[in-house]
Amino acid sequence: MKESGYFILTIITLFVITLAGAYFSPTFEEQKSFLEIFYLSGALLFIFSALVIFATIGFGSFAIYGAIFLAAVMGMYGIEGAVMVVGMTYFVWGSIFAMQVLLFYHHLKSATEWFKKRYTYRSFRREFKVFYPMLWVAYFFLEFIPSLLYREAFLRFIPSRVLEEMDEVLKA
């Protein structure tokens, strides 16, 4: 933990020094150069952070592809485009994962097979933590709202039960 703290402090210090250089520069051209360095450093930090997050979750091959794609999008559309790509990737990937979890929760055999083919318990648990908010969004739109509209009883969603059942399925 101490090592990562020094690393974060170093990054923050570099950004502060760059901004100080922009603020105290005597000419507009020098200010512009420092601000360009600041934005470029932020963009590279964003791409590197996405790469590290995807690799940590367990998607090494996707991490490299994602970093290259983010760099291309950032080059064409700027940081707003890259943030939109990351957000949409999270939403789409999380929605698929959440729907499969809800199907597994309802004991569908196809969902169980889908998880057996693609996950170990460790990788499932990581993704479960990452997409935990999406589980509740999917539950709200796929279970709760339809049950209100059709006046039917709905199944309560208990995430800890999913982890327990998935432990049995994936470790077997």
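The values are calculated or read from the model by the stated rules, or taken from the named source; none is laboratory data. These numbers were taken from a predicted model, which means no experiment stands behind them. Virtual Cβ from ideal backbone geometry, glycine too; neighbours counted across all protein chains shown. Please note that ligands, DNA and RNA were not included when accessible areas were found on the heavy atoms of the full protein model with its side chains. Shrake-Rupley method; radii C 1.70, N 1.55, O 1.52, S 1.80 Å.
What's the angle, to the nearest 10 degrees (0 to 90), between helix 121-130's Cα axis and the longest principal axis of the chain? It works out to around 60 degrees.
Over the chain, Cα pairs under 8 Å with separation of 6+ residues give a relative contact order of 15 percent.
The alpha carbon radius of gyration of the chain, expressed as a multiple of 2.2 N^0.38 Å, is 1.40. The longest stretch of the chain left intact once loop-based chymotrypsin sites (Phe, Trp or Tyr not before Pro) with at most 16 other Cβ atoms within 10 Å are removed from consideration, loops following DSSP, is 1-149. Here the Kirkwood formula puts the hydrodynamic radius of segment 1-57 at 12.6 Å, using every distinct Cα pair.
With N counted as the residues of segment 77-134, its alpha-carbon radius of gyration over 2.2 N^0.38 Å works out to 1.32. For the chain, the longest principal axis of the alpha carbon atoms and the long axis of helix 2-24 meet at an angle near 40°. Residues in the chain average 68 Å² of solvent-accessible surface per residue, probe 1.4 Å, ligands and nucleic acids excluded. How charged is the neighbourhood of residue 166? Take every other residue with its Cβ under 14 Å from the Cβ of residue 166, and add Lys/Arg as +1 and Asp/Glu as -1. Net of charged neighbours comes to +3.
Give me the percent of the accessible area of segment 79-171 that comes from carbon and sulfur atoms, probe 1.4 Å, all protein chains in place. Carbon plus sulfur share of accessible area: 64 percent. When the Cα positions of 68, 102, 10 are compared along the charge dipole of the chain, 102 comes out farthest toward the positive end, with charges on each C-beta of Lys, Arg, Asp and Glu.
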